[in-house]
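A quick write-up on the structure given underneath.
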Amino acid sequence: MRFTDEFRDASMVKTVLEEIRRTVTRPWVLMEICGGQTHAIMRYGLDQLLPPEVELVHGPGCPVCVTPLELIDKALAIAARPDVIFTSFGDMLRVPGSQADLFSIRARGGQVRVVYSPLDAVRIAQENPDHQVVFFAIGFETTAPANAASVIQAKALGLKNYSILASHVCVPPAMHAILGSPANRIQGFLAAGHVCSVMGTWEYPPIAAQYQVPIVVTGFEPLDLLNGILMTLRQLEAGKAGVENAYPRVVTERGNVAAQKMILQVFEPCDRQWRGIGLIPMSGLGLRAEMEEFDAEKRFSVSGIQTRESELCIAGQVLQGLKKPHHCPAFGRQCTPETPLGAPMVSSEGACSAYFRYHREEA
Amino acid sequence: MCLAVPGKIVSIYTSGAMRMCKIDFGGVVREACIETLPEAKVGDYTIIHAGFALNILSEEEAEATLEALRQIGAFEEEDQDLIGE
Ligand code: SF4
């Protein structure tokens, strides 16, 4: 068992597609929450293989895309300081702030370094005691344990020159926001498999019951995605609205309890702005009061930020599933991966970048 | 960012306050933190995200999922046999 090839088997993909065709009797709108799944769906062309009754709408699960503009502007201001080494996941470098991006700060001499893991940022802090090292801690529940571990590690090492700019977001409050909106079209959810590998599935039954929507935890390989879609459609056609797990080799009901504890050791729930969407109550994770010394926002007081979004970008509507990327007048014209106007065009999990890369200009 | 890939644990050690391991992704070996997976052992497959192991993969569950999907195929063939008769 290699846990990948087995779930890409072409003849089984065909079989499951056949079964989906047999199952569907009328139109249904499903949302895959996770931007990684959006990209996988496009890469394998699954959206084009599904029967026309099944519409996939792409969700807000792109941490880079929903990081608030104000925080990106703060990151840019901190990264420009000569005493700072600013560390970040690579995806953040080209995300447009109001005036610039991290990439251009680096071109102007700012010390901006890409790290693969937040623990690498801690190592950089150890190696550079005469610099302040700041890590841009963005992400969903999947990334929260790694970012929490970096703070725990820095504390254990007694580092005084490490801090994080935290912008954590959580999936369940976003589902509430989408389902509670009068404009909602979503009838079933593919829940994000890797968020659930950390958090388990226990948060979802109340949401499924409250809004009467099926929620199926789904993985990332073609067979995983189609199996998740099939299980959701079976529930919809049978008038059911329960929580099911189509990714049990990775996800359990309780999730990784030790990782959940680690998250809560460092972070606590807080209100959070989502870029393009607005404030979602208790949808974020912020540093706990006793971890305040690691809070970059407290360490570097940045003031006078005036945010300015592109007037053309409709990322907020794209992220809520109200519009598709190619409905944006700037898509592929003023806005491309080389000249992005909004974050969904740069992120490897952004819907606009997926549509551009896999040529869904007029799907 | 959540598109994590499975890899195989090849060694386990401690660094700073964290339990770490080396993971083999089909020939490419990288370091990852397994602090929240005390049961992890050499030979286990795990999913790595941002240098952090999320969970141990269950071979049994993987087989069960594949078997359930194979059943769909088997039914389909039966269906077709019936139509053919
Ligand atoms: S195509 Fe560009 S401008 Fe349009 S919504 Fe996407 S990121 Fe924004």
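Taken together, the values in this text are just the output of simple stated rules run on the coordinates, not laboratory data. None of these values were measured; they are calculated from a predicted model. Note that each Cβ is placed from the backbone with ideal geometry, even for glycine, and that neighbours are counted across all protein chains shown.
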- Task: Let me know the mean shielding of B:8-17 by other chains, meaning the per-residue number of their Cβ atoms within 10 Å of its Cβ.
- Result: 2
- Item | Average partner coverage of A:241-250, which counts Cβ from other chains inside 10 Å | 4
- Of all trypsin sites (Lys or Arg not before Pro) in the stretch A:249-285, the ones in DSSP coil with at most 12 other Cβ atoms within 10 Å are A:R254
- Query: By the scheme Lys and Arg +1, Asp and Glu -1, what is the net charge of all other residues having a beta-carbon under 9 Å from that of A:L279?
  - Reply: 0
- Item | Most positive-pole-ward Cα, B:A53, B:Y13, B:I34, against dipole of the stretch B:6-83 from beta carbon charges | B:Y13
- Based on the Cβ-Cβ distance from A:K261 to A:R22, what FRET efficiency comes out when R0 is 41 Å, to the nearest 0.05? 0.40
- Query: From the backbone phi of the stretch A:91-96, what are the Karplus-calculated ³J(HN,Hα) couplings (6.51 cos²θ - 1.76 cosθ + 1.60, θ = phi - 60°) in whole Hz, Gly and Pro given as x?
  - Reply: 4, 6, 4, 9, 5, x
- Translational D (Stokes-Einstein, µm²/s) of the stretch A:1-146 at 20 °C and 1.002 mPa s when Rh comes from the Kirkwood sum over C-alpha pairs? 117 µm²/s
- Task: Return the whole-Å distance between the Cα centroid of the stretch B:1-69 and the Cα centroid of the stretch A:11-50.
- Result: 28 Å
- Message: Just to check I understand the Karplus step: with θ = phi - 60° and J = 6.51 cos²θ - 1.76 cosθ + 1.60, what whole-Hz values come out for the stretch A:233-240, glycine and proline as x?
- Response: 5, 4, 4, 4, 5, 8, x, 9
- Message: Pairing rule first: another cysteine's C-beta must sit under 4.7 Å. Under that rule, which cysteines of chain A stay single?
- Response: A:C34, A:C170, A:C196, A:C270, A:C313, A:C328, A:C335, A:C352
- Item | the stretch A:41-120: trypsin sites (Lys or Arg not before Pro) in DSSP coil with no more than 13 other Cβ atoms inside 10 Å | A:R108
- Rounded to the nearest 0.05, what FRET efficiency do A:L279 and A:S11 have when you use their Cβ-Cβ distance and R0 = 35 Å? 0.15
- Item | Residues whose placed amide H lies under 5 Å from that of B:H49, excluding near-sequence neighbours | B:L54
- Inter-chain shielding of A:142-152 (mean C-beta neighbours from other protein chains, 10 Å cut-off): 5
- Query: What size of dipole, in debye to the nearest 20, comes out for chain A about its Cα centre when the only charges are +1 on Lys and Arg C-beta atoms and -1 on Asp and Glu C-beta atoms?
  - Reply: 180 debye
- Non-local residues with an amide H under 5 Å from the amide H of A:G332, with H modelled 1.01 Å from N and Pro and chain starts lacking one, are none
- Query: For the residues A:I85, B:I72, what sequence is obtained by ranking on other C-beta atoms within 10 Å, fewest first?
  - Reply: B:I72, A:I85
- For the stretch A:100-109, Karplus-derived ³J(HN,Hα) couplings (6.51, -1.76, 1.60; θ = phi - 60°; whole Hz; x for glycine and proline) come out as 8, 9, 4, 4, 6, 4, 5, 4, 8, x
- Task: Apply 1/(1 + (r/R0)^6) to the Cβ-Cβ distance of B:V29 and B:A68, taking R0 = 45 Å, and write down the FRET efficiency to the nearest 0.05.
- Result: 0.85
- Query: Roughly what angle does helix A:171-180 make with the longest principal axis of chain A, taking Cα atoms, 0 to 90 degrees, to the nearest 10?
  - Reply: 60 degrees
- Message: What is the sum of charges, Lys and Arg at +1 and Asp and Glu at -1, for the other residues whose Cβ falls under 10 Å from the Cβ of A:G61?
- Response: -2
- Item | P(r) histogram, all alpha-carbon pairs of the protein assembly as shown included - 10 Å bins from 0, percent | 4, 21, 31, 26, 13, 3, 1, 0, 0
- Measure out, as a whole number of angstrom, how far apart the alpha-carbon centroids of the stretch A:308-328 and the stretch A:132-211 sit. 22 Å
- Counting other Cβ atoms within 10 Å, which GluC sites (Glu not before Pro) in the stretch A:194-260 have at most 15 and lie in a DSSP loop? A:E253
- Spin-label point model (7 Å from Cα, Cβ direction): what's the A:E253 to A:S301 distance in nm? 5.1 nm
- Query: Which of the peptides A:290-296, A:34-40, A:156-162, B:29-35 is most tightly packed, and how do the rest follow, judged by the mean count of other Cβ atoms within 10 Å per residue?
  - Reply: A:34-40, B:29-35, A:290-296, A:156-162
